[in-house]
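K.L.:
Got a structure for you, questions after.
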Amino acid sequence: MGDLYLIRKNLFRKKTRAVLMMVAIFVAFLLFGVLGSFERAFNSGETGASATRLVVNNKINFTQPMPIAYLNRVRAVEGVRVASHWNWFGGYFQEPRNFVISFAVEPDTYLDVVGTDYAFVPEEKAAFLADRGSIAVGDAVAKKFGWQVGDRIPLTSNIFTNRSTGNRTWDFTIAAIFTPARDLVGTDVVFFHYEYFNETRSFGRDFIGSIVLETTDPALNDKVADAIDALFANSPFETKTVTEAAFNKAFAEQLGNITLIVTLVVGAAFVTILMIVGNTMVMAIRERTREIGVLKTLGFPNGRIFRMVLGESLLLSFIGGGLGLAAAYGACIFLAPLVGGFAPGLTLALPVVLAGVGFMVLLGFVTGVIPAMNALRLNIVTALGRD
Amino acid sequence: MSLASQIVTVTAINLRSIPQRMWVSLSTVVAVALVVAVLLSFLAMANGFQQTLRGSGAPDVAILLRGGAGAEINSGVSRDQLRLIEEAPGVVRTAEGKPLVSGELYVIVDAVKKASGTQANIALRGLGPEGFAIRDGFRLVEGRMYEPGAAEIIVGRSLLDEFAGFELGKQVRLGTATWTVVGVFEMGGTVFESELWADVGAVQSLFRRTNFFQSIRARMENPEAVSALNDYSQADTRLKLAVKSEQAYFADQAGGAGGFIQNLGWPLAVIMSIGALAGALNTMYSSVAARTTEIATLRAIGFGGIPAFVGTLTESLLLSVVGGTVGALLAYAFFDGLTASTFGGSFTQVVFSFQLTPELVVQGVVLALVVGLIGGLFPAIRAARVPLVAAFGEK
């Protein structure tokens with residue numbers, strides 16, 4: 001008769017009670033798994049950013065434009081490996097509610113800069129670079145609208161007007177559909193050729209939104225950023241250069257303090273189960289006082305009894321928590337397409353699972369240690385005498 | 001003894017014995033309190049955001065944007081279009097015969113969010129000379145008005161509270177120009193209080209957008225005149241501007257982010273309730289177990305099963321109502337009036353404060369009652385079925 005057998009029998013002697021405790025633990029870990037993953041994906045712009053990537057924006061605000069002539073001057077700065085630019089298009093497909101995150105970019109340099117983020121089929125990539133009227137579509141967008149390579153699609157801008165047609169729609173041929181090349185990258189985005197867009201837009205010609213560049217070495221980031229900003233100081237378009245991580249962090253902060261909200265909700269859930277499970281465990285062990293007295297009489301050492309009680313709360317915590325994390329895994333798969341670009345690459349990742357396991361151990365110990373201590377201290381005579 | 005007095009007696013015994021099960025009862029109260037507090041904090045956040053936006057628009061002020069733009073930031077309107085609207089029917093005129101129409105330019109600039117120390121998008125609005133006559137509730141509370149054409153800014157109270165960099169008297173460098181903050185205004189906690197205001201001519205010239213506007217606002221004779229103005233605009237090929245009442249414009253924006261927060265609050269609260277429900281069931285089952293002898297003894301001396309049922313259910317409901325009330329108080333103490341800011345419709349920060357209303361508190365207490373009801377129901381059935389033989393102290 002092994003200890004594990006006894007622990008299991010003890011835990012399930014009152015089935016309803018064990019199941020209820022597990023449900024409470026299950027809920028807390030489900031919330032932890034989903035919200036923890038969401039927070040991680042939401043902040044991925046900061047944590048998942050390339051160490052050598054910098055973003056140059058107009059100092060007034062990132063929505064203000066800069067002259068395209070700035071691009072070549074940035075390229076000449078020492079320590080810049082490659083520089084490209086992007087321009088917000090404000091696009092939607094057919095109806096305004098089908099919003100598409102869309103950018104006009106300089107294709108070859110842009111794909112070089114973001115090369116580590118997206119995976120392309122080589123032939124499709126070549127086709128995209130070769131055709132000025134083509135567009136590269138993230139697989140999340142392609143899936144949403146059922147687009148295939150070769151399709152001709154219209155994108156309408158809520159900002160710009162197309163001079164060649166007089167309306168706000170541009171037509172593109174889908175040349176490539178790309179997929180994420182690493183963890184925490186969202187593909188809820190499309191790119192097309194700046195030249196094609198620039199020639200046909202009604203205003204803002206030869207201006208660009210942001211310059212994005214890769215430095216040759218992360219240690220040079222500050223120096224490069226200072227050099228670029230110094231280059232344009234006192235010009236009509238002063239710049240502010242920051243790392244991609246800092247830029248994304250500031251952007252996420254504008255939406256709100258998601259980390260704080262997640263911490264509060266998960267904290268509340270854990271306090272709840274701590275109260276429920278802790279109380280119930282104390283009660284469950286107290287009911288068995290007499291039995292523990294018998295075990296002690298039979299010669300079970302104190303340490304073994306201590307371990308058995310603690311083992312029971314740990315087992316409980318692991319069953320409830322494990323099921324909770326498993327459900328969180330399924331919930332993340334379900335939620336990923338719904339949250340889209342808001343939390344790119346939402347999935348139950350290893351760091352969240354490991355933290356979850358840590359919390360299970362902690363929960364098992366905290367809820368088990370008081371009843372275990374009580375059992376340890378128990379005097380055989382009082383135990384057997386107690387009703 | 002009548003059934004009613006039996007119920008009263010047993011319920012009283014139930015409730016008075018709660019202190020004997022202090023800790024386990026407390027765990028239910030805490031669990032329900034936290035669920036309700038989480039729900040109410042989300043609802044108060046969504047409500048505060050929506051109230052701020054909904055309170056911003058007047059029904060008789062028309063806002064005109066380029067068709068399809070949806071928000072001021074995306075729109076573009078020419079000076080010629082502005083002149084046409086000044087001549088449009090239904091527009092209120094001053095005693096001197098000037099139409100109450102304001103062509104406005106909306107530029108996004110950076111400010112530092114005090115809470116996080118990071119840069120955030122702030123609206124710098126250039127207003128036409130009639131911009132103030134169009135808006136009700138504007139009050140300059142500190143400093144003075146900006147001079148027409150000068151690089152001077154007045155700043156909204158909400159913006160000043162949440163963001164650094166635009167304090168009264170401060171010089172702010174935006175592009176090539178240095179602007180001075182000369183005044184602070186209040187406007188009833190509306191979206192406009194999250195903005196910087198300046199003369200439209202100054203903004204146009206210093207941001208190189210001469211003769212370019214993003215929206216036109218017009219005070220109309222009555223709310224019906226707004227839709228008449230839309231027909232007028234659609235009929236003229238030189239205009240083709242989309243006309244909405246300012247009220248409808250902000251109500252649309254309130255739906256987006258506000259609805260999102262609200263849609264997040266309820267599922268979270270329901271999932272957490274399942275955990276709390278498990279706790280409530282546990283508490284009530286152990287309450288019934290602890291009183292088995294007592295209940296059976298009562299049965300033996302002639303009490304029915306119904307009093308035991310009602311007593312147990314009442315105990316559960318009481319615990320959850322106490323929990324719900326504590327949760328509402330927690331939410332009130334920690335969240336009501338808390339200010340925060342997030343993106344509004346035009347890609348700029350809107351400052352709002354959490355608003356906990358009685359209607360929301362009722363929703364929270366109802367959730368608590370549902371937990372208490374389900375959590376008490378099954379244990380109450382068990383209590384009603386305690387066999388008489390249990391009176392003889394089988395333990």
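K.L.:
What are the lysines whose alpha-carbon lies under 29 Å from the alpha-carbon of B:LYS244, with same-chain residues fewer than 8 places away excluded?
P.N.:
Leaving aside lysines fewer than 8 places away in the same chain, those within reach of B:LYS244 are B:LYS98.
K.L.:
Just to check I understand the Karplus step: with θ = phi - 60° and J = 6.51 cos²θ - 1.76 cosθ + 1.60, what whole-Hz values come out for the stretch B:360-366, glycine and proline as x?
P.N.:
5, 4, 4, 4, x, 5, 4
K.L.:
Considering only C-alpha atoms, what is the centroid distance from the stretch B:95-129 to the stretch B:332-395, in Å?
P.N.:
41 Å
K.L.:
Tell me, what ³J(HN,Hα) does each residue in the stretch B:290-301 have, in order and in whole Hz, if you take phi through Karplus 6.51 cos²θ - 1.76 cosθ + 1.60 with θ = phi - 60° and put x for Gly and Pro?
P.N.:
5, 9, 3, 4, 4, 4, 5, 5, 4, 4, 5, 9
K.L.:
If you don't mind, another one. Can you pull the one-decimal nm distance between simple spin-label points at B:VAL141 and A:THR16, each 7 Å off the Cα toward Cβ?
P.N.:
Taking the simple label geometry, B:VAL141 and A:THR16 are separated by 5.8 nm.
K.L.:
So which GluC sites (Glu not before Pro) in the stretch B:118-183 end up in coil per DSSP with only 12 or fewer other C-beta atoms within 10 Å?
P.N.:
Answer in residue order: B:GLU167.
K.L.:
OK, next. Name the residue, out of A:GLY311, A:GLY358, A:GLY133, whose mean-square fluctuation peaks in a Gaussian network model built on chain A with Cα pairs under 10 Å.
P.N.:
The residue that fluctuates most here is A:GLY358.
K.L.:
Also, quick follow-up: Fewest Cβ neighbours within 10 Å first, please rank B:LYS170, A:LYS15 accordingly.
P.N.:
Going from sparsest to densest Cβ surroundings: A:LYS15, B:LYS170.
K.L.:
Next question, about the same structure. Suppose a student asked you for the relative contact order of the stretch A:65-236, using Cα pairs under 8 Å spaced at least 6 residues apart; what percent would you report?
P.N.:
Relative contact order comes out at 34 percent.
K.L.:
Decide, for chain B, between rounded, prolate and oblate: order the square roots of the alpha carbon gyration tensor eigenvalues as a ≥ b ≥ c, take rounded if a/c falls under 1.5, and otherwise choose prolate if a/b is larger than b/c, else oblate.
P.N.:
prolate
K.L.:
Report the relative contact order of chain A, percent, no decimals, based on alpha-carbon pairs under 8 angstrom and at least 6 residues apart.
P.N.:
29 percent
K.L.:
Let me ask something else about it. In nm, what is the difference between 0.36 nm times the number of residues separating B:SER17 and B:PHE392 and their Cα-Cα distance?
P.N.:
Between B:SER17 and B:PHE392, full extension yields 133.0 nm more.
K.L.:
Which Rg and Dmax, in Å, describe the Cα atoms of the stretch B:61-221?
P.N.:
My reading of the Cα-based Rg and Dmax gives 15.5, 49 Å.
K.L.:
So, in Å, what gap is there between the alpha-carbon centers of the stretch A:28-63 and the stretch B:179-213?
P.N.:
Between the Cα centres of the stretch A:28-63 and the stretch B:179-213 lies a distance of 32 Å.
K.L.:
Between A:VAL381 and B:ILE374, what FRET efficiency comes out of the Förster formula 1/(1 + (r/R0)^6) with R0 = 41 Å and r the beta carbon distance, rounded to 0.05?
P.N.:
So, using R0 = 41 Å, E works out to roughly 0.40.
K.L.:
Please get the size of the charge dipole for the stretch A:65-236, origin at its Cα centre, with Cβ charges of +1 on Lys and Arg and -1 on Asp and Glu, quoted in debye to the nearest 20.
P.N.:
Charge dipole, the stretch A:65-236, about its Cα centre: 560 debye, nearest 20.
K.L.:
Under 5 Å between amide H atoms, partner at least 5 residues away or on a different chain: which partners does A:ALA181 have, H built in plane at 1.01 Å?
P.N.:
When sequence neighbours closer than 5 places are left aside, the close amide H contacts are A:TYR118, A:ALA119.
K.L.:
Further question: So how long is each side of chain A along the principal axes, counting just the alpha-carbon atoms, biggest first, in Å?
P.N.:
Principal extents (largest minus smallest coordinate, Cα): 95, 45, 33 Å.
K.L.:
How high is the relative contact order of chain B, given as a whole-number percent (alpha carbon pairs under 8 Å, six or more residues apart)?
P.N.:
Result for chain B is 29 percent.
K.L.:
Given the C-alpha centroids of the stretch B:1-55 and the stretch B:288-316, what is the distance between them in whole angstrom?
P.N.:
With the stretch B:1-55 and the stretch B:288-316 each reduced to a Cα centre, they are spaced 22 Å.
K.L.:
Taking only the alpha-carbon positions of the stretch B:1-132 and ignoring solvent, what does the Debye formula give for the base-10 log of I(q)/I(0) at q = 0.14, 0.15, 0.19, 0.22 Å⁻¹?
P.N.:
These q points yield log10 I(q)/I(0) values of -0.92, -1.01, -1.20, -1.35.
K.L.:
Do any GluC sites (Glu not before Pro) in the stretch A:1-92 lie in a DSSP loop with no more than 14 other beta carbon atoms within 10 Å, and if so, which?
P.N.:
For GluC sites (Glu not before Pro) across the stretch A:1-92 that sit outside H, G, I, E and B with at most 14 neighbouring Cβ atoms in 10 Å, the list reads A:GLU78.
K.L.:
Over 20 Å apart: what share of the alpha carbon pairs of the stretch A:1-126 falls there, rounded to a whole percent?
P.N.:
Here the long-distance tail beyond 20 Å is 70 percent of all Cα pairs in the stretch A:1-126.
K.L.:
Counting other beta carbons within 10 Å of each Cβ, put B:MET284, B:MET22 in order, fewest first.
P.N.:
Listing B:MET284, B:MET22 from fewest to most nearby Cβ atoms yields B:MET22, B:MET284.
K.L.:
Let me ask something additional. At 30 Å minimum axial length over the Cα atoms and a Kyte-Doolittle cut of 1.0, report the qualifying DSSP H helices in chain A, or say none.
P.N.:
A:15-42, A:258-287, A:302-339, A:350-377
K.L.:
What is the fewest-to-most order of A:GLU124, B:GLU87, B:GLU96 by other Cβ atoms lying within 10 Å of their Cβ?
P.N.:
With the fewest neighbours first, A:GLU124, B:GLU87, B:GLU96 line up as B:GLU96, B:GLU87, A:GLU124.
K.L.:
Sticking with this structure for a sec: Modelling each spin label as a point 7 Å along the Cα-to-Cβ direction, I'd like the A:VAL294/B:ILE274 distance in nm, to one decimal.
P.N.:
Using points 7 Å along Cα→Cβ, the separation is 3.7 nm.
K.L.:
Tell me whether the stretch A:65-236 comes out rounded, prolate or oblate; compute the Cα gyration tensor, take square roots of the eigenvalues as a ≥ b ≥ c, and use a/c under 1.5 as the rounded threshold.
P.N.:
Note, shape of the stretch A:65-236 comes out oblate.
K.L.:
Hey, another quick one. To make sure I understand the rule: partners must be lysines, Cα under 20 Å from the Cα of B:LYS170, and not fewer than 8 residues away in the same chain. Which ones qualify?
P.N.:
A:LYS59, B:LYS113, B:LYS114
K.L.:
Using the Karplus curve 6.51 cos²θ - 1.76 cosθ + 1.60 with θ = phi - 60°, work out ³J(HN,Hα) for each residue of the stretch A:65-82 in order, rounded to whole Hz, and write x for Gly and Pro.
P.N.:
For the stretch A:65-82, the Karplus-derived couplings read x, 9, x, 5, 4, 4, 4, 5, 5, 5, 4, 7, 5, 5, x, 8, 7, 8 Hz, x marking Gly and Pro.
K.L.:
Return the lysines within reach of A:LYS144: Cα separation strictly under 25 angstrom, same-chain partners fewer than 8 residues apart disregarded; answer none if there are no such residues.
P.N.:
Hits, sequence-local ones excluded: A:LYS125.
K.L.:
Given the -39500 (n - 2.57) contribution per DSSP H run of 4+ residues, what per-residue ellipticity at 222 nm results for the protein assembly as shown, rounded to the nearest 500 deg cm²/dmol?
P.N.:
About -17000 deg cm²/dmol.
K.L.:
Return the long-range amide H neighbours of B:LEU174 (sequence gap of 5 or more, or a different chain), with a cut-off of under 5 Å between placed amide H atoms.
P.N.:
Under 5 Å from the amide H of B:LEU174: B:TRP179.
K.L.:
For the pair A:VAL339 and B:SER2, how long in nm is the line joining their label points, each one 7 Å along Cα→Cβ?
P.N.:
Label at A:VAL339, label at B:SER2, 5.8 nm between them.
K.L.:
Related question: Convex hull volume of the Cα atoms in the protein assembly as shown, per residue, in Å³?
P.N.:
206 Å³
K.L.:
Moving on to the next point. Given H placed 1.01 Å from N in the peptide plane, which residues other than close sequence neighbours of B:THR118 have an amide H under 5 Å from its amide H?
P.N.:
The answer is B:LYS113.
K.L.:
If you don't mind, there's one more thing I want to ask. Report the residues of the stretch A:65-82 in range of a label on A:LYS223: point 7 Å along Cα→C-beta, backbone N strictly under 15 Å from it.
P.N.:
Once the point is set 7 Å along Cα→Cβ of A:LYS223, A:77-81 turn out to lie under 15 Å by backbone N, inside the stretch A:65-82.
None of the figures in this text is laboratory data; all of them are computed from the coordinates on show. Predicted, not measured: the structure shown is a model, and the values here were computed from it. Cβ coordinates were reconstructed from backbone atoms using ideal geometry, including for glycine residues, and neighbour counts include every protein chain displayed.
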